[in-house]
1. Using a Gaussian network for the chain with springs between C-alpha atoms less than 10 Å apart, which of these wobbles most: SER401, SER81, SER228?
2. For the chain, what does the helix formula give at 222 nm: sum of -39500 (n - 2.57) over DSSP H segments with n ≥ 4, over the residue count, nearest 500 deg cm²/dmol?
3. Determine the dipole magnitude for region 344-438: charges of +1 sit on the beta-carbon of Lys and Arg, -1 on that of Asp and Glu, nothing else is charged, the reference point is the Cα centre, and the result goes in debye to the nearest 20.
4. For region 162-265, what does the alpha-carbon gyration tensor say about shape, rounded, prolate or oblate, given a ≥ b ≥ c as the root eigenvalues, a/c under 1.5 as rounded, and a/b over b/c as prolate?
5. Considering only protein heavy atoms and a probe of 1.4 Å, how much of the accessible area of the chain is carbon and sulfur, as a whole percent?
6. If you wrap a convex hull around the alpha carbons of the chain, what volume per residue comes out, as a whole number of Å³?
7. Assuming a ≥ b ≥ c are the square roots of the Cα gyration tensor eigenvalues, decide whether region 323-383 counts as rounded (a/c under 1.5), prolate (otherwise, with a/b larger than b/c) or oblate.
8. Report, in listed order, any pair from LYS19/LYS67; LYS25/LYS307; LYS19/LYS95; LYS113/LYS189 with a Cα-Cα distance greater than 25 Å.
Amino acid sequence: MTQSLPGFREFYPPECAVKRAIFQKWQQTMLAYGFAEVEAPILEPLELFTDKSGPEIAEQLFHFVDKGGRAVALRPEFTPSVVRMVAARAQGLRKPIKWFNIGEQFRFERPQKGRLRSFYQLNVDCFGLADFSADAELIALLIQLFRVFGLTQADVHIRLSDRNLWFFFLESCGITGQAALDVLALIDKMEREDRAKSLEKFQKCVGDNASVLLTQIEALIAARDLPSLKIALGGALSNPAVAQRLAEWEGLLDTLDAMGVLPFIQIDLGIVRGLAYYTGFVFEAFEVSGRSRALAGGGRYDTLVEKLGGPALPAVGFAIGDVVLTDLLTEKNLLPTCNMTPDFYVVSSGPAERRIALGDVQILRAAGFWVEYALVDTGFSKQLKLADQAGARHALIYGESELAQGLVKLRHLGTRVESDVPHAQLKETLSTLSSSHHA
Ligand code: HAM
(Lines give C-alpha, C1' and ligand atoms only; values in the text may rest on other atoms or scores of the structure.)
Protein backbone atom coordinates (compact mmCIF):
# COMPACT_ATOMS: atom_id res chain seq x y z
CA MET A 1 0.00 0.00 0.00
CA THR A 2 1.34 3.45 -0.86
CA GLN A 3 1.56 5.45 2.36
CA SER A 4 0.68 9.14 2.61
CA LEU A 5 3.64 11.55 2.66
CA PRO A 6 5.42 12.40 5.95
CA GLY A 7 3.90 15.44 7.64
CA PHE A 8 0.55 15.09 5.82
CA ARG A 9 -2.57 13.96 7.66
CA GLU A 10 -5.57 11.84 6.77
CA PHE A 11 -8.77 12.79 8.57
CA TYR A 12 -11.10 9.88 9.36
CA PRO A 13 -14.68 10.87 10.31
CA PRO A 14 -14.00 11.61 14.03
CA GLU A 15 -11.01 13.87 13.17
CA CYS A 16 -12.99 15.52 10.40
CA ALA A 17 -15.82 16.23 12.85
CA VAL A 18 -13.38 17.92 15.24
CA LYS A 19 -11.84 19.95 12.40
CA ARG A 20 -15.28 21.08 11.26
CA ALA A 21 -16.27 22.05 14.82
CA ILE A 22 -13.06 24.10 15.21
CA PHE A 23 -13.59 25.84 11.86
CA GLN A 24 -17.20 26.62 12.81
CA LYS A 25 -16.11 28.30 16.05
CA TRP A 26 -13.45 30.27 14.16
CA GLN A 27 -16.01 31.37 11.58
CA GLN A 28 -18.63 32.41 14.14
CA THR A 29 -16.08 34.43 16.09
CA MET A 30 -14.77 36.17 12.98
CA LEU A 31 -18.26 37.22 11.91
CA ALA A 32 -18.98 38.60 15.40
CA TYR A 33 -15.87 40.79 15.07
CA GLY A 34 -17.03 42.03 11.65
CA PHE A 35 -14.50 40.27 9.40
CA ALA A 36 -15.43 39.13 5.86
CA GLU A 37 -14.19 35.83 4.44
CA VAL A 38 -11.88 35.71 1.40
CA GLU A 39 -10.20 32.93 -0.60
CA ALA A 40 -7.01 32.85 -2.67
CA PRO A 41 -5.23 30.18 -4.75
CA ILE A 42 -3.31 27.42 -2.97
CA LEU A 43 -0.78 27.35 -5.83
CA GLU A 44 0.98 30.66 -6.47
CA PRO A 45 3.93 31.99 -8.51
CA LEU A 46 7.10 31.03 -6.65
CA GLU A 47 8.39 34.61 -6.58
CA LEU A 48 5.43 35.73 -4.42
CA PHE A 49 7.06 33.92 -1.49
CA THR A 50 10.77 34.05 -2.26
CA ASP A 51 10.61 37.85 -2.35
CA LYS A 52 8.24 38.63 0.47
CA SER A 53 8.23 35.99 3.20
CA GLY A 54 11.97 35.97 3.90
CA PRO A 55 14.70 33.32 3.70
CA GLU A 56 13.34 31.00 6.41
CA ILE A 57 10.07 30.42 4.54
CA ALA A 58 11.83 30.26 1.15
CA GLU A 59 13.85 27.26 2.39
CA GLN A 60 10.63 25.47 3.34
CA LEU A 61 8.76 25.85 0.06
CA PHE A 62 7.15 22.99 -1.84
CA HIS A 63 7.88 24.24 -5.35
CA PHE A 64 8.13 22.91 -8.89
CA VAL A 65 7.94 23.95 -12.52
CA ASP A 66 4.46 23.37 -14.00
CA LYS A 67 3.81 21.96 -17.49
CA GLY A 68 3.65 25.52 -18.84
CA GLY A 69 7.19 26.18 -17.58
CA ARG A 70 6.09 28.43 -14.68
CA ALA A 71 7.94 28.31 -11.35
CA VAL A 72 5.14 27.72 -8.83
CA ALA A 73 4.85 26.98 -5.09
CA LEU A 74 2.21 25.62 -2.75
CA ARG A 75 1.50 28.50 -0.39
CA PRO A 76 3.40 28.31 2.93
CA GLU A 77 1.30 31.17 4.33
CA PHE A 78 -1.66 33.31 3.30
CA THR A 79 -0.26 36.80 3.89
CA PRO A 80 1.39 37.54 0.48
CA SER A 81 -1.78 36.40 -1.36
CA VAL A 82 -4.16 38.50 0.74
CA VAL A 83 -1.86 41.50 0.47
CA ARG A 84 -1.84 41.14 -3.32
CA MET A 85 -5.68 41.04 -3.30
CA VAL A 86 -5.82 44.21 -1.20
CA ALA A 87 -3.15 45.95 -3.27
CA ALA A 88 -5.08 45.30 -6.50
CA ARG A 89 -8.32 46.92 -5.26
CA ALA A 90 -7.15 49.11 -2.37
CA GLN A 91 -8.63 52.35 -3.76
CA GLY A 92 -12.15 50.97 -4.04
CA LEU A 93 -12.35 49.14 -0.70
CA ARG A 94 -13.84 50.79 2.40
CA LYS A 95 -11.26 51.06 5.21
CA PRO A 96 -10.51 49.45 7.48
CA ILE A 97 -10.47 46.29 5.37
CA LYS A 98 -11.11 43.39 7.76
CA TRP A 99 -10.68 39.98 6.11
CA PHE A 100 -10.19 36.38 7.20
CA ASN A 101 -9.49 33.03 5.58
CA ILE A 102 -9.41 29.44 6.77
CA GLY A 103 -7.17 27.34 4.56
CA GLU A 104 -4.43 24.79 4.09
CA GLN A 105 -0.76 25.81 4.05
CA PHE A 106 2.34 23.76 3.12
CA ARG A 107 5.86 23.97 4.54
CA PHE A 108 8.67 21.50 4.03
CA GLU A 109 9.64 21.42 7.73
CA ARG A 110 10.96 18.48 9.72
CA PRO A 111 7.72 16.83 10.93
CA GLN A 112 7.57 16.89 14.74
CA LYS A 113 5.05 17.48 17.52
CA GLY A 114 3.11 20.61 16.58
CA ARG A 115 4.83 21.02 13.20
CA LEU A 116 3.70 19.24 10.03
CA ARG A 117 4.13 19.79 6.30
CA SER A 118 0.45 20.48 5.70
CA PHE A 119 -1.68 22.33 8.25
CA TYR A 120 -4.63 24.69 8.42
CA GLN A 121 -4.53 28.30 9.49
CA LEU A 122 -7.13 30.89 10.34
CA ASN A 123 -5.65 34.10 8.94
CA VAL A 124 -6.94 37.43 10.21
CA ASP A 125 -5.86 40.76 8.76
CA CYS A 126 -6.87 44.40 9.10
CA PHE A 127 -5.70 46.98 6.53
CA GLY A 128 -5.87 50.76 6.66
CA LEU A 129 -5.30 51.60 10.35
CA ALA A 130 -1.87 52.69 11.61
CA ASP A 131 -3.06 53.30 15.18
CA PHE A 132 -2.32 50.81 17.98
CA SER A 133 -6.09 50.48 18.52
CA ALA A 134 -6.06 48.05 15.56
CA ASP A 135 -3.26 46.02 17.18
CA ALA A 136 -5.30 45.91 20.41
CA GLU A 137 -8.43 44.80 18.54
CA LEU A 138 -6.57 41.92 16.88
CA ILE A 139 -4.84 40.79 20.05
CA ALA A 140 -8.21 40.79 21.88
CA LEU A 141 -9.70 38.81 19.00
CA LEU A 142 -6.90 36.25 19.17
CA ILE A 143 -7.60 35.80 22.88
CA GLN A 144 -11.33 35.37 22.15
CA LEU A 145 -10.38 32.64 19.66
CA PHE A 146 -8.94 30.71 22.61
CA ARG A 147 -11.77 31.56 24.99
CA VAL A 148 -14.45 30.14 22.66
CA PHE A 149 -12.97 26.70 23.29
CA GLY A 150 -12.94 27.18 27.07
CA LEU A 151 -9.22 28.01 27.31
CA THR A 152 -8.32 30.65 29.92
CA GLN A 153 -5.33 32.71 31.04
CA ALA A 154 -4.30 29.65 33.08
CA ASP A 155 -3.83 27.80 29.77
CA VAL A 156 -2.55 30.30 27.18
CA HIS A 157 -0.75 33.62 27.05
CA ILE A 158 0.31 36.14 24.42
CA ARG A 159 3.96 37.15 24.34
CA LEU A 160 4.00 40.77 23.13
CA SER A 161 7.04 42.40 21.59
CA ASP A 162 8.05 45.24 19.29
CA ARG A 163 10.43 45.23 16.34
CA ASN A 164 10.56 49.08 16.44
CA LEU A 165 12.05 49.05 19.94
CA TRP A 166 14.61 46.50 18.78
CA PHE A 167 15.58 48.68 15.81
CA PHE A 168 15.89 51.79 18.04
CA PHE A 169 18.01 49.85 20.52
CA LEU A 170 20.28 48.37 17.83
CA GLU A 171 20.62 51.81 16.21
CA SER A 172 21.86 53.18 19.55
CA CYS A 173 24.52 50.44 19.41
CA GLY A 174 25.49 51.47 15.88
CA ILE A 175 23.79 48.48 14.22
CA THR A 176 21.52 49.42 11.32
CA GLY A 177 20.18 48.14 7.99
CA GLN A 178 20.89 44.50 7.08
CA ALA A 179 23.10 44.06 10.18
CA ALA A 180 20.08 44.88 12.38
CA LEU A 181 17.96 42.31 10.52
CA ASP A 182 20.74 39.73 10.96
CA VAL A 183 20.85 40.40 14.72
CA LEU A 184 17.04 40.00 14.94
CA ALA A 185 17.35 36.63 13.17
CA LEU A 186 19.92 35.59 15.83
CA ILE A 187 17.61 36.77 18.64
CA ASP A 188 14.81 34.67 17.10
CA LYS A 189 16.98 31.56 17.51
CA MET A 190 18.42 32.35 21.00
CA GLU A 191 15.62 30.71 22.98
CA ARG A 192 16.28 27.28 21.47
CA GLU A 193 20.08 27.49 21.58
CA ASP A 194 22.73 27.43 24.34
CA ARG A 195 24.43 30.70 25.24
CA ALA A 196 27.91 29.81 23.99
CA LYS A 197 26.50 29.02 20.56
CA SER A 198 24.56 32.32 20.47
CA LEU A 199 27.67 34.25 21.54
CA GLU A 200 29.69 32.67 18.78
CA LYS A 201 27.08 33.72 16.21
CA PHE A 202 26.94 37.27 17.60
CA GLN A 203 30.74 37.49 17.36
CA LYS A 204 30.56 36.59 13.68
CA CYS A 205 27.88 39.23 13.16
CA VAL A 206 29.10 42.22 15.24
CA GLY A 207 32.69 41.41 16.20
CA ASP A 208 34.35 42.37 19.50
CA ASN A 209 31.31 44.01 21.08
CA ALA A 210 29.38 40.74 20.95
CA SER A 211 29.66 39.89 24.65
CA VAL A 212 28.45 43.31 25.91
CA LEU A 213 25.72 43.37 23.28
CA LEU A 214 24.48 39.90 24.19
CA THR A 215 24.23 40.88 27.88
CA GLN A 216 22.21 43.97 26.96
CA ILE A 217 19.96 41.93 24.68
CA GLU A 218 19.38 39.41 27.47
CA ALA A 219 18.33 42.26 29.80
CA LEU A 220 15.80 43.47 27.21
CA ILE A 221 14.43 39.96 26.75
CA ALA A 222 14.11 39.51 30.54
CA ALA A 223 12.04 42.71 31.00
CA ARG A 224 8.44 41.93 31.93
CA ASP A 225 7.10 45.47 32.50
CA LEU A 226 7.59 48.93 31.03
CA PRO A 227 9.85 50.29 33.83
CA SER A 228 12.31 47.38 33.42
CA LEU A 229 12.12 47.76 29.65
CA LYS A 230 13.09 51.45 29.99
CA ILE A 231 16.12 50.56 32.12
CA ALA A 232 17.21 47.85 29.68
CA LEU A 233 16.93 50.24 26.71
CA GLY A 234 19.83 52.22 28.20
CA GLY A 235 21.34 54.77 25.79
CA ALA A 236 18.48 54.36 23.30
CA LEU A 237 16.26 56.35 25.68
CA SER A 238 17.90 59.61 24.60
CA ASN A 239 16.23 59.15 21.19
CA PRO A 240 12.89 61.07 21.29
CA ALA A 241 11.35 58.42 19.00
CA VAL A 242 11.86 55.86 21.78
CA ALA A 243 9.90 57.97 24.30
CA GLN A 244 7.11 58.28 21.73
CA ARG A 245 7.16 54.53 21.14
CA LEU A 246 6.95 53.85 24.88
CA ALA A 247 3.87 56.12 25.02
CA GLU A 248 2.31 53.89 22.32
CA TRP A 249 3.16 50.86 24.44
CA GLU A 250 1.31 52.48 27.35
CA GLY A 251 -1.67 53.19 25.09
CA LEU A 252 -1.75 49.63 23.79
CA LEU A 253 -1.54 48.07 27.25
CA ASP A 254 -4.21 50.45 28.59
CA THR A 255 -6.56 49.51 25.71
CA LEU A 256 -5.97 45.80 26.33
CA ASP A 257 -6.71 46.43 30.01
CA ALA A 258 -10.01 48.17 29.13
CA MET A 259 -10.89 45.15 26.96
CA GLY A 260 -10.33 42.88 29.96
CA VAL A 261 -7.58 40.83 28.30
CA LEU A 262 -4.46 42.20 30.02
CA PRO A 263 -4.07 39.07 32.21
CA PHE A 264 -3.31 37.11 29.01
CA ILE A 265 -0.46 39.45 28.01
CA GLN A 266 3.21 38.99 28.80
CA ILE A 267 5.71 41.64 27.70
CA ASP A 268 8.48 39.60 26.12
CA LEU A 269 10.99 41.05 23.64
CA GLY A 270 12.29 37.54 23.01
CA ILE A 271 9.63 37.36 20.28
CA VAL A 272 10.92 38.93 17.04
CA ARG A 273 9.12 36.72 14.43
CA GLY A 274 10.89 34.76 11.71
CA LEU A 275 9.04 36.38 8.79
CA ALA A 276 10.75 39.33 7.14
CA TYR A 277 7.82 41.72 6.66
CA TYR A 278 6.94 42.72 10.24
CA THR A 279 7.42 46.37 11.19
CA GLY A 280 6.05 47.13 14.68
CA PHE A 281 4.29 45.32 17.51
CA VAL A 282 4.58 41.55 17.09
CA PHE A 283 3.13 38.73 19.18
CA GLU A 284 2.90 34.98 19.53
CA ALA A 285 0.51 32.84 21.56
CA PHE A 286 1.78 29.92 23.63
CA GLU A 287 0.52 27.37 26.11
CA VAL A 288 1.59 28.93 29.44
CA SER A 289 4.25 26.37 30.35
CA GLY A 290 5.96 27.19 27.04
CA ARG A 291 6.50 23.49 26.36
CA SER A 292 4.75 23.41 22.99
CA ARG A 293 5.35 25.29 19.77
CA ALA A 294 3.53 28.58 19.11
CA LEU A 295 -0.25 28.37 18.76
CA ALA A 296 -0.45 31.61 16.77
CA GLY A 297 1.69 34.48 15.59
CA GLY A 298 1.37 37.86 13.96
CA GLY A 299 1.98 41.55 14.11
CA ARG A 300 2.16 44.76 12.17
CA TYR A 301 3.44 44.86 8.58
CA ASP A 302 2.99 48.43 7.36
CA THR A 303 5.12 48.28 4.20
CA LEU A 304 4.07 45.04 2.48
CA VAL A 305 1.04 46.35 0.54
CA GLU A 306 3.21 48.98 -1.11
CA LYS A 307 5.99 46.44 -1.77
CA LEU A 308 3.47 44.28 -3.64
CA GLY A 309 2.48 47.14 -5.91
CA GLY A 310 -0.36 48.75 -3.94
CA PRO A 311 -0.64 52.11 -2.19
CA ALA A 312 1.00 52.72 1.20
CA LEU A 313 -1.48 50.96 3.49
CA PRO A 314 -0.74 50.00 7.09
CA ALA A 315 -1.68 46.47 8.13
CA VAL A 316 -1.78 44.18 11.13
CA GLY A 317 -2.68 40.50 11.23
CA PHE A 318 -2.07 37.07 12.65
CA ALA A 319 -2.59 33.39 11.94
CA ILE A 320 -3.57 30.62 14.29
CA GLY A 321 -2.79 27.03 13.29
CA ASP A 322 -4.92 23.94 13.86
CA VAL A 323 -2.15 21.49 14.86
CA VAL A 324 -0.92 22.88 18.20
CA LEU A 325 -4.44 24.07 19.07
CA THR A 326 -5.93 20.59 18.54
CA ASP A 327 -3.13 19.04 20.66
CA LEU A 328 -3.79 21.52 23.47
CA LEU A 329 -7.58 21.08 23.38
CA THR A 330 -7.10 17.29 23.47
CA GLU A 331 -4.76 17.58 26.47
CA LYS A 332 -7.23 19.84 28.32
CA ASN A 333 -10.22 17.70 27.39
CA LEU A 334 -11.80 20.66 25.57
CA LEU A 335 -12.12 19.25 22.05
CA PRO A 336 -15.36 20.42 20.48
CA THR A 337 -17.39 17.65 18.90
CA CYS A 338 -20.11 17.42 16.33
CA ASN A 339 -23.14 15.18 16.64
CA MET A 340 -21.95 11.82 15.30
CA THR A 341 -25.21 9.87 15.68
CA PRO A 342 -28.54 9.98 13.80
CA ASP A 343 -31.59 11.76 15.19
CA PHE A 344 -34.02 9.07 13.98
CA TYR A 345 -33.82 5.50 12.71
CA VAL A 346 -36.91 4.55 10.73
CA VAL A 347 -38.22 1.00 11.18
CA SER A 348 -41.15 -0.56 9.32
CA SER A 349 -43.13 -3.74 9.85
CA GLY A 350 -43.74 -4.73 6.20
CA PRO A 351 -43.50 -3.65 2.53
CA ALA A 352 -46.61 -1.39 2.56
CA GLU A 353 -45.44 0.43 5.72
CA ARG A 354 -41.92 0.72 4.28
CA ARG A 355 -43.30 2.56 1.20
CA ILE A 356 -44.94 5.16 3.47
CA ALA A 357 -41.81 5.40 5.62
CA LEU A 358 -39.54 5.98 2.59
CA GLY A 359 -41.58 9.05 1.65
CA ASP A 360 -41.35 10.41 5.21
CA VAL A 361 -37.58 9.83 5.35
CA GLN A 362 -37.15 12.26 2.45
CA ILE A 363 -39.41 14.87 4.08
CA LEU A 364 -37.63 14.64 7.46
CA ARG A 365 -34.19 14.86 5.86
CA ALA A 366 -35.28 17.90 3.87
CA ALA A 367 -36.30 19.45 7.22
CA GLY A 368 -32.69 19.01 8.41
CA PHE A 369 -32.95 15.86 10.54
CA TRP A 370 -30.34 13.14 10.31
CA VAL A 371 -32.46 10.11 9.42
CA GLU A 372 -31.28 6.54 8.77
CA TYR A 373 -33.07 3.33 7.82
CA ALA A 374 -32.09 -0.18 6.70
CA LEU A 375 -31.22 0.32 3.03
CA VAL A 376 -31.62 -3.40 2.41
CA ASP A 377 -35.03 -4.37 3.76
CA THR A 378 -34.81 -6.83 6.60
CA GLY A 379 -36.89 -8.21 9.49
CA PHE A 380 -38.47 -5.90 12.07
CA SER A 381 -36.32 -6.91 15.05
CA LYS A 382 -33.16 -6.78 12.91
CA GLN A 383 -34.07 -3.17 12.00
CA LEU A 384 -34.42 -2.28 15.69
CA LYS A 385 -31.03 -3.81 16.36
CA LEU A 386 -29.52 -1.74 13.53
CA ALA A 387 -31.11 1.38 15.07
CA ASP A 388 -29.32 0.62 18.36
CA GLN A 389 -26.02 -0.06 16.58
CA ALA A 390 -26.27 3.25 14.72
CA GLY A 391 -26.55 4.99 18.10
CA ALA A 392 -29.76 6.74 16.99
CA ARG A 393 -31.53 8.78 19.65
CA HIS A 394 -35.00 7.62 18.57
CA ALA A 395 -36.58 4.92 16.47
CA LEU A 396 -39.60 5.92 14.37
CA ILE A 397 -41.73 2.79 14.06
CA TYR A 398 -44.14 2.31 11.14
CA GLY A 399 -46.47 -0.55 12.21
CA GLU A 400 -49.60 -1.76 10.42
CA SER A 401 -52.03 -1.18 13.31
CA GLU A 402 -50.56 2.26 14.26
CA LEU A 403 -50.73 3.52 10.66
CA ALA A 404 -54.32 2.30 10.43
CA GLN A 405 -55.05 4.75 13.31
CA GLY A 406 -53.02 7.52 11.62
CA LEU A 407 -50.12 7.16 14.07
CA VAL A 408 -46.37 6.52 14.07
CA LYS A 409 -44.61 5.23 17.16
CA LEU A 410 -41.64 7.15 18.55
CA ARG A 411 -39.31 5.16 20.79
CA HIS A 412 -36.47 6.72 22.77
CA LEU A 413 -33.71 4.17 22.33
CA GLY A 414 -31.96 5.06 25.58
CA THR A 415 -34.95 4.94 27.94
CA ARG A 416 -37.23 2.76 25.74
CA VAL A 417 -40.07 5.22 26.50
CA GLU A 418 -42.63 5.27 23.68
CA SER A 419 -45.21 7.76 22.46
CA ASP A 420 -47.60 8.00 19.50
CA VAL A 421 -47.19 10.80 17.01
CA PRO A 422 -49.99 11.74 14.55
CA HIS A 423 -48.70 10.78 11.10
CA ALA A 424 -50.21 13.92 9.54
CA GLN A 425 -48.18 16.18 11.90
CA LEU A 426 -45.00 14.12 12.00
CA LYS A 427 -42.56 16.82 10.88
CA GLU A 428 -44.04 19.52 13.16
CA THR A 429 -44.15 17.23 16.20
CA LEU A 430 -40.57 16.05 15.72
CA SER A 431 -39.40 19.66 15.26
CA THR A 432 -40.77 20.74 18.66
CA LEU A 433 -39.33 17.59 20.20
CA SER A 434 -35.86 18.28 18.83
CA SER A 435 -35.88 21.99 19.79
CA SER A 436 -36.84 21.10 23.38
CA HIS A 437 -34.22 18.32 23.26
CA HIS A 438 -31.47 20.73 22.20
CA ALA A 439 -32.59 23.50 24.60
P1 HAM B 1 3.54 31.89 11.42
O2 HAM B 1 4.04 32.28 12.78
O3 HAM B 1 4.53 31.40 10.45
O4 HAM B 1 2.81 33.20 10.85
O5 HAM B 1 2.39 30.83 11.57
C6 HAM B 1 1.28 31.04 12.39
C7 HAM B 1 0.88 29.75 13.08
O8 HAM B 1 0.67 28.73 12.11
C9 HAM B 1 1.94 29.18 14.01
O10 HAM B 1 1.91 29.79 15.28
C11 HAM B 1 1.51 27.72 14.07
O12 HAM B 1 0.42 27.52 14.95
C13 HAM B 1 1.01 27.47 12.67
N14 HAM B 1 2.08 26.81 11.90
C15 HAM B 1 3.12 27.38 11.25
N16 HAM B 1 3.90 26.45 10.67
C17 HAM B 1 3.35 25.25 10.98
C18 HAM B 1 3.66 23.88 10.68
N19 HAM B 1 4.71 23.54 9.92
N20 HAM B 1 2.86 22.92 11.18
C21 HAM B 1 1.79 23.22 11.93
N22 HAM B 1 1.43 24.48 12.23
C23 HAM B 1 2.19 25.48 11.76
C24 HAM B 1 2.28 33.29 9.60
O25 HAM B 1 2.06 32.35 8.89
C26 HAM B 1 1.88 34.70 9.21
N27 HAM B 1 1.50 34.67 7.79
C28 HAM B 1 0.76 35.18 10.10
C29 HAM B 1 0.24 36.54 9.73
C30 HAM B 1 -0.96 36.83 9.16
N31 HAM B 1 0.88 37.69 9.93
C32 HAM B 1 0.14 38.68 9.49
N33 HAM B 1 -0.99 38.18 9.01
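1. SER401
2. -13500 deg cm²/dmol
3. Result for region 344-438 is approximately 200 debye, rounded to the nearest 20.
4. prolate
5. 54 percent
6. 208 Å³
7. It is prolate, given that a/c is not under 1.5 and a/b is the larger ratio.
8. Long pairs (Cα-Cα over 25 Å): LYS19/LYS67; LYS25/LYS307; LYS19/LYS95.
The values are calculated or read from the model by the stated rules, or taken from the named source; none is laboratory data. Small disclaimer: the values here were computed from a predicted structure and weren't measured. Because the Cβ atoms are built from the backbone with ideal geometry, glycine has one as well, and the counts that use them run over all protein chains shown. Just the protein is used for accessible areas: all its heavy atoms, side chains included, with ligands, DNA and RNA removed. Shrake-Rupley method; radii C 1.70, N 1.55, O 1.52, S 1.80 Å.
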